[in-house]
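*Asks:* Got a structure for you, written out below as structure tokens; questions coming shortly.
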Amino acid sequence: MSKSSAIKGNNIDSNHLNILIIDDNEQITKMLTTFLELKNHKCTVANEGKQGLALIQENKHDVVLLDLAMPEFNGYAIIKALESKDMLKNNKIIVFTASTITQDELNQLVNRGVTSYILKPIDIDLLLSKIIETATS
Amino acid sequence: MTIDALEERMTELDSPINELSRLLVKYDLTPNQAKVYLYLSKIGIKTASDVSKSLRIPRTETYHLLSTLQQKGIIFSVFGKPTKFNAVGIDESLVILVNNEKNRINELETGKESIIKLWKSIPKYAGNKEKAEDNKFQTLQGRNSILVKLEQMIKESSENILVLGTDSDFKKFHHTDFSNLLKKTKSELKILTDYSNKGIHVFEDIPSKKIKKLDDKNREEFCFIIKDDNEVIFFMTNSELKDMRAMWTDSKTFVTTLRSLFSLIWKKAHYIDESNVESLLGSEITYEHRLREIEQEKIILNYLQKNFKLLEHNPGAKK
């Protein structure tokens, strides 16, 4: 467990979150990391789906930002893999996507065990508050 | 059992007899023809007078009914005075009635060419030269009329067929040529429906890559089929089989409007097969998708630029 996440017992310190970002868009992951680190959070980045899945399985993160549209091993594949290992509900996963996705499909993802979703583009402050809200929920 | 007792028993069995009469009407019998046939087939050999009295049908009409049923081949007369009648068995009668209908259809088919030939032999009058422009409208009522039009559209299509509607909208055409023709069509087929992989569906034999999911908000409002971007059939009431009403048109404005609506919904919809969606998400990043990503990059970048400017001007500020 990362020191910077400063977990107090079962409580999560919302000022020092341990965040995993899985997104193939390197511009976004780099800038988002800079932004979140400015806010004193710790970020781990995976620009490929399989690497992201491995990181979820290996380490505990306060929250995972998961992009859906990625080449080869996409966000759906990660969700499916976690589901098959009964690990989906143990992780706080926020689907973070620019894909055209219907409300029906978003609801389906939440029913399957995804914690919440954020549709790109989103205001940076709203993004942060959503991350904190999900991590501490 | 005496004949009188049997007749009484038949009166008691009014409900199944009425149901049978109703079913026989589908085989081109009038309700009274069906009644007479059923009466004879259950009671056995009878005179015209007996039939008339038992069924309370006027004598003249009874003679006419018996004569028609004989012509159809499902009852026969027994020589004697007075003439008596009896019915052919129900199995054989049904075969005869079906064959009669088949023959009638064949006659209609063969007669088609003679009618066209005759029609062509009549010279056109000057006043009839006005050509019908692409703005024809046709209101169709009842499942059969709609089905015939749908089948004609699919058969004649050479470019594309766009179908929008729920599975329940098209359920009335299940096990008809409609779904078979859609399956076999060489035109580009796109279907927007609420199909899911559970249960039996009208479109179940159609490859899933041709079907996209119709979301909740579009489910109840529209149901239409567009052929080759030049004809559309639009369902107005789609509840009961008899009350089903649809409008067919080749109006360019109408077709173009519905075509645009279809394209818009199709673009935003996902394929019914989730694995298909998943693979598309990996490989087919749309222009809209990329725009949203760029917009997100811009938002974060703007924030960072502002903060770094603040840091430059105020180096002591906490990172």
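*Asks:* Please go through the stretch B:47-86 and give me each residue that is touching a helix residue (DSSP H, G or I) at 6+ places or on another chain (Cβ under 7 Å) and aromatic (F, W, Y), ordered by number.
*Replies:* Matches in the stretch B:47-86: B:Y63, B:F76, B:F85.
*Asks:* With respect to the numbered conditions (1) surrounded by 13 or more Cβ atoms within 10 Å (Cβ to Cβ); (2) modelled with pLDDT under 90; (3) more than 33 Å from the chain's Cα centre (by Cα), which one is the sole condition not fulfilled by B:K84?
*Replies:* Only one criterion in (1) surrounded by 13 or more Cβ atoms within 10 Å (Cβ to Cβ); (2) modelled with pLDDT under 90; (3) more than 33 Å from the chain's Cα centre (by Cα) is unmet by B:K84, namely (2).
*Asks:* A further question follows. Residues of the stretch A:54-85 being buried (at least 22 other Cβ atoms within 10 Å of the Cβ) and part of a helix (DSSP H, G or I), which ones?
*Replies:* To start, the set of residues in the stretch A:54-85 that are buried (at least 22 other Cβ atoms within 10 Å of the Cβ) comprises A:56, A:61-70, A:74-76, A:78, A:82.
Answer for the stretch A:54-85, where residues must be buried (at least 22 other Cβ atoms within 10 Å of the Cβ) and part of a helix (DSSP H, G or I): A:I56, A:G75, A:Y76, A:I78, A:L82.
*Asks:* Also, I was wondering about something else. So which residues in the stretch A:25-36 are within 9 Å of another protein chain (Cβ to nearest Cβ) and either part of a loop (DSSP other than H, G, I, E, B) or modelled with pLDDT of 90 or more (or both), if there are any at all?
*Replies:* Residues satisfying the conditions are A:N25, A:I28, A:M31, A:L32, A:T34, A:F35.
*Asks:* Would you please name the residue that is nearest to A:D67 (Cα to Cα), looking only at residues in the stretch A:120-137 that are polar (S, T, N, Q) and open to solvent by 50 Å² or more (accessible area, probe 1.4 Å)?
*Replies:* Residues of the stretch A:120-137 polar (S, T, N, Q): A:129, A:134, A:136-137.
Narrowing the set further to residues that are open to solvent by 50 Å² or more (accessible area, probe 1.4 Å) leaves A:129, A:136-137.
Numbers: A:S129: 18, A:T136: 21, A:S137: 21 Å.
Only one residue tops the list, namely A:S129.
*Asks:* Quick check on the stretch B:53-76: of everything there that is hydrophobic (A, V, I, L, M, F, W, C) and assigned to a helix (DSSP H, G or I), which residue is surrounded by the fewest Cβ atoms within 10 Å (Cβ to Cβ)?
*Replies:* Quick first cut of the stretch B:53-76, residues hydrophobic (A, V, I, L, M, F, W, C) only: B:55, B:57, B:65-66, B:69, B:74-76.
Then drop every residue that is not assigned to a helix (DSSP H, G or I), which leaves B:55, B:65-66, B:69.
On the way: B:L55: 17, B:L65: 24, B:L66: 23, B:L69: 22.
Per the criteria, the residue is B:L55.
*Asks:* Checking B:F79 against (1) open to solvent by 80 Å² or more (accessible area, probe 1.4 Å); (2) at pLDDT 90 or above: exactly one of these is not met. Which one?
*Replies:* (2)
*Asks:* Also, quick follow-up: Can you tell me which residue within the stretch A:40-52, out of those that are buried (at least 23 other Cβ atoms within 10 Å of the Cβ) and part of a helix (DSSP H, G or I), is farthest from the other protein chains (Cβ to nearest Cβ)?
*Replies:* So the first thing to find is which residues in the stretch A:40-52 are buried (at least 23 other Cβ atoms within 10 Å of the Cβ), and the list is A:41, A:46, A:49, A:52.
This time we only want the ones that are part of a helix (DSSP H, G or I), so: A:49, A:52.
On the way: A:G49: 9, A:G52: 14 Å.
Ranking the candidates gives A:G52 first.
*Asks:* Regarding the stretch A:97-117, can at least one residue be identified that is in a helix (DSSP H, G or I), open to solvent by 30 Å² or more (accessible area, probe 1.4 Å), within 11 Å of another protein chain (Cβ to nearest Cβ) and in contact with a strand residue (DSSP E or B) (Cβ under 8 Å, 6 or more places away or on another chain)?
*Replies:* Yes, there is a match, as at least one residue in the stretch A:97-117 is in a helix (DSSP H, G or I), open to solvent by 30 Å² or more (accessible area, probe 1.4 Å), within 11 Å of another protein chain (Cβ to nearest Cβ) and in contact with a strand residue (DSSP E or B) (Cβ under 8 Å, 6 or more places away or on another chain).
The values are calculated or read from the model by the stated rules, or taken from the named source; none is laboratory data. Keep in mind that what you see is a predicted model, and the values were worked out from it rather than measured. Cβ sites come from the backbone with ideal geometry, for glycine too, and all protein chains shown count toward neighbours. Ligands, DNA and RNA are excluded from the accessible area calculation, which covers all protein heavy atoms including side chains. Shrake-Rupley method; radii C 1.70, N 1.55, O 1.52, S 1.80 Å.
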